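The structure appears below as structure tokens.
The values are calculated or read from the model by the stated rules, or taken from the named source; none is laboratory data. All values reported here derive from a predicted model rather than from experimental measurement. Every residue, glycine as well, gets a Cβ built from its backbone with ideal geometry; the counts of neighbours run over all protein chains shown.
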Amino acid sequence: MQNSLSSSVVFEGTGLHSGAPVRMVLRAAPANHGIWFHRTDIRIGDAMVPAIWDAVDRTPLCTRLVNNAGVSVSTVEHLMAALAGCGVHNALIEIDGPEVPILDGSAAPFVRGIMTQGVRAQAVPLWAIQVMKPVSVEKDGARATLLPADSLEIEFHIDFQDAAIGRQSKNLKMANGAFARELCDSRTFCRQSDVDLMHENGLALGGTLENAVVVDGDDVLSPGGFRHTDEAVRHKMLDALGDLALAGNPILGRYVGERSGHSLTNTLLRALFATPGAVRMVKCDTKTASDLPGYGLVWAEIPEVA
Ligand SMILES: [Zn+2]
């Protein structure tokens, strides 16, 4: 069964890169609608932006969607992860600017907002994308791979010179509310040197020590430090779930990211759909549906964050 929202959810905040205030309203949408953004500040021309893999502009810092008229929505990945992690397949997202609010830099506020209003089942079958054979892409020493599996699993490995992050690995099946319980409160992280470079280029103007964990060598500059000792790799898994959600249907397969990022995960999706015989569409039976992200999510297990 497909799901949408029981009622609208409002988020107000600031864009990470623009630093501009933004208001976003998640609304219910009919079955087979998918996830679409509506830029309500665009009055002339096509203001609808689809949350789909081939609308991704592969910029390195965030996931940015662009429609055929050149209208875009940036930094969609944490919201997409929350929608996938809560099992929402259909939604219309009204937004009055070009960037999704960063909130606390994690997906937890989105998850709490969505689950406060509730998710509503729609009496229409859900189709999933089953990975049939391995597909892998590499760039600059990073690799992203999708392998056949019965349900979505995410494995990630990172290796940073800064001792505050260092080497981290984690592997998780996305069933039984695992995303909300284990990943959703992990925040974006970056190095102080990256922050300086982004500021010089007019980026991350809305970034603070609260909505990103900033590290410098051995030191964590953000007050309170990490929420988890391996918060960094958990956040990379959160990003991967959000970027994989842009496939348009839930993926049944095992994702392995090795120093991967937004751009490479999107390149992987493009390779997946371009490889003959790499996927097939399957109608979700009860067993398959019960292993999807979002199924079995328990309110008490959603981390409480600012
Ligand atoms: Zn992220």
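Of all residues in the range 153-203, how many are over 18 Å from the mean Cα position of the chain (by Cα), touching a residue at least 60 places away in the same chain (Cβ under 8 Å) and within 16 Å of the ligand (Cβ to nearest atom)?
Going through the range 153-203 one residue at a time, the tally reaches 5.
I'd like to know if the range 210-219 contains one or more residues that are more than 28 Å from Ile114 (Cβ to Cβ), touching a strand residue (DSSP E or B) at 6+ places or on another chain (Cβ under 8 Å) and of a type outside the set (A, V, I, L, M).
Looking through the range 210-219, at least one residue is more than 28 Å from Ile114 (Cβ to Cβ), touching a strand residue (DSSP E or B) at 6+ places or on another chain (Cβ under 8 Å) and of a type outside the set (A, V, I, L, M).
Among what's in the range 259-273 and is in contact with a Ser or Thr (Cβ under 8 Å, 6 or more places away or on another chain) and farther than 17 Å from Pro148 by Cβ, pick the residue that is modelled with the highest pLDDT.
Asn266
So, in the range 252-261, exactly how many residues are farther than 12 Å from Lys173 by Cα and buried (at least 24 other Cβ atoms within 10 Å of the Cβ)?
Residues flagged as farther than 12 Å from Lys173 by Cα and buried (at least 24 other Cβ atoms within 10 Å of the Cβ) within the range 252-261 amount to 2.
Quick one: what pairs do we get from the range 105-118, first residue on the phi > 0 side of the Ramachandran plot, second assigned to a helix (DSSP H, G or I), C-beta under 8 Å, 6+ apart or different chains?
Going by the 8 Å Cβ cut-off, the qualifying pairs are Gly105/His78.
Can you find a residue that is out of contact with any Leu (no Cβ under 6 Å at 6 or more places or on another chain), assigned to a strand (DSSP E or B) and hydrophobic (A, V, I, L, M, F, W, C) anywhere in the range 99-118?
No, because not a single residue in the range 99-118 is out of contact with any Leu (no Cβ under 6 Å at 6 or more places or on another chain), assigned to a strand (DSSP E or B) and hydrophobic (A, V, I, L, M, F, W, C).
Filter the range 77-123 for residues that are acidic (Asp, Glu) and within 16 Å of the ligand (Cβ to nearest atom) and give the result.
Of everything in the range 77-123, those that are acidic (Asp, Glu) and within 16 Å of the ligand (Cβ to nearest atom) turn out to be Glu77, Glu99, Asp104.
Would you point out which residue out of Asp243, Asp196 is among the acidic types (Asp, Glu) and at pLDDT below 95?
Details: Asp243 fails: at pLDDT below 95.
Answer to the selection: Asp196.
Is it the case that some residue within the range 100-120 is under 19 Å from Ala204 (Cβ atoms), charged (D, E, K, R) and not assigned by TED's automatic domain parsing to the domain that holds Leu241?
So far as the range 100-120 goes, yes, one or more of its residues are under 19 Å from Ala204 (Cβ atoms), charged (D, E, K, R) and not assigned by TED's automatic domain parsing to the domain that holds Leu241.
Only residues that are within 13 Å of the ligand (Cβ to nearest atom) and more than 17 Å from the chain's Cα centre (by Cα): list them for the range 205-264, please.
Across the range 205-264, the qualifying residues are Gly207, Val213.
If the Cβ limit is 6 Å and pairs must be 6+ apart or interchain, which residue in the range 277-290 that is touching a residue at least 40 places away in the same chain (Cβ under 8 Å) pairs with which residue that is of a type in the set (Gly, Ala, Ser)?
What qualifies is Val282/Ala128; Cys284/Ala128.
I'd like the full set of residues that are among the β-branched types (Val, Ile, Thr), out of contact with any strand residue (DSSP E or B) (no Cβ under 6 Å at 6 or more places or on another chain) and assigned to a loop (DSSP other than H, G, I, E, B), limited to the range 270-306. Can you show your working first?
Step one: list which residues in the range 270-306 are among the β-branched types (Val, Ile, Thr), which gives 275, 279, 282, 286, 288, 298, 302, 305.
This time we only want the ones that are out of contact with any strand residue (DSSP E or B) (no Cβ under 6 Å at 6 or more places or on another chain), so: 286, 288, 298, 302, 305.
Matches in the range 270-306: Val298, Ile302, Val305.
Tell me which of these Arg43 doesn't satisfy, since it passes every other one: (1) modelled with pLDDT of 95 or more; (2) more than 14 Å from the ligand (Cβ to nearest atom); (3) charged (D, E, K, R).
It fails just one condition, (1).
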